[in-house]
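Undergrad: Supplied in structure tokens, the structure appears directly below.
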Ligand code: ADP
Ligand code: MG
């Protein structure tokens, strides 16, 4: 059976424009990720992981090459159309949680829906379901500074889920968390993946990457390794 790809990048290059001229960061990156995969992106600091994630998340555009996201060729597409595809497809989770300090957890999770035509009561109802899902049903009206870092990352994950994304992109989601809390967050990602959500996360920790079914390693802007975890059956992954 042919698998449906969520991410397909071909001959992707990215150079940042600097005062000293173009600075190449991604060099001929090719990667296909199918629906339902769970991929850890690894590699040393400065190897281009965040640049790559920003392109996958349509927050940045490649210098050249193609990127097909959920069947849409987004490189070269008009900005509004890209935003539409992104909002329908992707949930983001960041290292620094990026929550609004002055808003309740309920409002934080409901925030992405403010730009939709959904009424406030329904936005809050949906946010409540998601906060319950991540184990924070008793903190709906708390503010981010009243909960722990791990709980804040759970809120960020609930917010990432609010538009029913097919894909979650997480750049070092456990980078600010201790190892016990990191394991709890990884268990949550594992559960979401079992529910069918494709997950791509960046980490430089092997313990964290071992939770994923596939590990992709970057070095100096190139993919130098792409392997499946031994315990995971090979079917479903195009190599
Ligand atoms: P990683 O996430 O693997 O640490 P990054 O993608 O953040 O790597 O960075 C890759 C390289 O690109 C680094 O050398 C970094 O300094 C450089 N870089 C990142 N963002 C910019 C930018 N906006 N302008 C110029 N150079 C950048
Ligand atoms: Mg980075």
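The values are calculated or read from the model by the stated rules, or taken from the named source; none is laboratory data. Just so we're clear, the structure is a prediction, and the values are computed from it rather than from any experiment. Cβ placement follows ideal geometry from the backbone for every residue including glycine, while neighbour counts extend to all protein chains displayed.
Undergrad: Does the stretch 164-176 hold any residues that are more than 16 Å from ligand 1 (Cβ to nearest atom) and either surrounded by fewer than 17 Cβ atoms within 10 Å (Cβ to Cβ) or at pLDDT below 95 (or both), and which are they?
TA: 164
Undergrad: Now a separate question. Determine whether residue 83 is surrounded by fewer than 16 Cβ atoms within 10 Å (Cβ to Cβ) and under 18 Å from the mean Cα position of the chain (by Cα). If you could, list the steps in order and put the result at the bottom.
TA: Values: surrounded by fewer than 16 Cβ atoms within 10 Å (Cβ to Cβ): yes; under 18 Å from the mean Cα position of the chain (by Cα): yes.
When the stated conditions are applied, residue 83 passes them.
Undergrad: Now for a separate question. Identify, please: which residue in the stretch 11-20 is in contact with a strand residue (DSSP E or B) (Cβ under 9 Å, 6 or more places away or on another chain) and within 16 Å of ligand 1 (Cβ to nearest atom) and is, among those, farthest from residue 218 (Cα to Cα)?
TA: 17
Undergrad: Could you list, in sequence order, all residues of the stretch 21-56 that are away from ligand 1 (no atom under 12 Å from the Cβ) and in contact with a helix residue (DSSP H, G or I) (Cβ under 7 Å, 6 or more places away or on another chain)?
TA: Correct list: 38, 40.
Undergrad: Counting just the residues of the stretch 32-59 that are farther than 22 Å from residue 175 by Cβ and assigned to a strand (DSSP E or B), which one comes out nearest to ligand 2 (Cβ to nearest atom)?
TA: 32
Undergrad: So if I check each of 153, 88, which one is surrounded by 16 or more Cβ atoms within 10 Å (Cβ to Cβ) and either outside any helix (DSSP H, G or I) or at negative phi (or both)?
TA: 153
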